[in-house]
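Presented below is the structure to which this report refers.
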């Protein structure tokens with residue numbers, strides 16, 4: 001476990017790492033879960049949030065490192081440190097979502113992947129959650 005902050009250069013969010021078929025992923029999510037509202041924690045450049053919004057989903061996107069441009073899409077963006085329990089609790093008080101997405105985020109949380117406020121928001125404010133994480137070596 002580490003307390004160091006990861007800093008991403010601006011070009012990181014334009015790298016090959018994000019070269020994925022987000023349109024198909026969004027279509028599958030909508031087909032399986034049929035969400036009207038989604039919160040995406042760690043949205044990065046916002047590719048998945050953008051595709052979900054194009055399918056009519058009301059999206060709340062959260063990231064502490066990027067500043068995605070959603071244009072005129074129905075995406076509410078919040079720049080938020082997911083290791084700050086006060087900010088998380090404040091932002092998500094009295095809010096609920098059909099689906100929470102947390103893809104490749106938990107490994108950035110302290111304590112690693114088990115931040116209680118973050119997990120409580122997912123557990124208490126959503127009907128469904130999809131969480132995928134890798135472990136830091």
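Each value in this text was obtained by applying a stated rule to the coordinates, not by laboratory testing. Everything numeric here is computed off the predicted structure, so don't read it as measured data. Cβ sites come from the backbone with ideal geometry, for glycine too, and all protein chains shown count toward neighbours.
The distance between label points at residue 110 and residue 78 comes to 2.1 nm (points 7 Å beyond Cα on the Cα→Cβ vector). Pairs of Cα atoms nearer than 8 Å and 6+ residues apart set the relative contact order; for segment 19-132 it is 24 percent.
As a proxy for reagent exposure, ranking 25, 122 by other Cβ atoms within 10 Å from fewest up yields 25, 122.
Once the chain from residue 128 to residue 103 is taken as fully extended at 0.36 nm per residue, the excess over their C-alpha distance is 7.6 nm. Projected label points at residue 58 and residue 86, each 7 Å from Cα along the beta carbon direction, are separated by 2.9 nanometres. Neighbour counts of other Cβ atoms within 10 Å put 47, 78 in the fewest-to-most order 78, 47. Of the residues 117, 24, 60, the one with the fewest other Cβ atoms within 10 Å heads the list, and the complete ranking is 24, 117, 60.
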